[in-house]
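Take a look at the structure below.
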Amino acid sequence: MSEDSAADFDFDTPFDQGVDPRLLEVLVCPLTHGPLEYDRERQELVSRKAGLAYPIRDGAPIMLPEEARPLDPAEQTA
């Protein structure tokens, strides 16, 4: 980061640690090998087929089933 860009950075604004779209193209559910949907609001990668939502922490997807949140029945069909 250059000195100019560091001076322009707003440290009071939360940093959106979204997932790189290129990463989303290659990531699949480790259980079903099916597609994942990015839930920006919850910072999760959702596998509807597995019924799991994998958390994203500090911008890194945690693709461990034991760390995933089970989806509610309504979320699985959304």
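State, as an integer percentage, the relative contact order of the range 18-77 based on alpha-carbon contacts under 8 Å between residues 6 or more apart. Don't jump to the answer; show the numbers that get you there.
Values: 92 pairs, mean separation 15.3, N = 60.
Once normalised by length, the contact order is 25 percent.
Peptides 39-51, 59-71 ordered by packing proxy, namely the average of other Cβ atoms within 10 Å per residue, highest first: 39-51, 59-71.
Got a sec? How would Val26, Val19 order by Cβ neighbour count within 10 Å, fewest to most?
With the sparsest Cβ surroundings first, the list reads Val26, Val19.
Stretched out straight at 0.36 nm per residue, the stretch from Glu75 to Val28 would grow longer than its current Cα-Cα span by 15.1 nm.
Once the gyration tensor of the Cα atoms in the range 18-77 is diagonalised, the equivalent ellipsoid follows with semi-axes of 16, 12, 11 Å, ordered largest first.
Each value in this text was obtained by applying a stated rule to the coordinates, not by laboratory testing. Note that the structure is a prediction, hence the values are computed from the model and not measured. For neighbour counting, all protein chains shown are included, and Cβ atoms are generated from backbone atoms with ideal geometry for every residue, glycine included.
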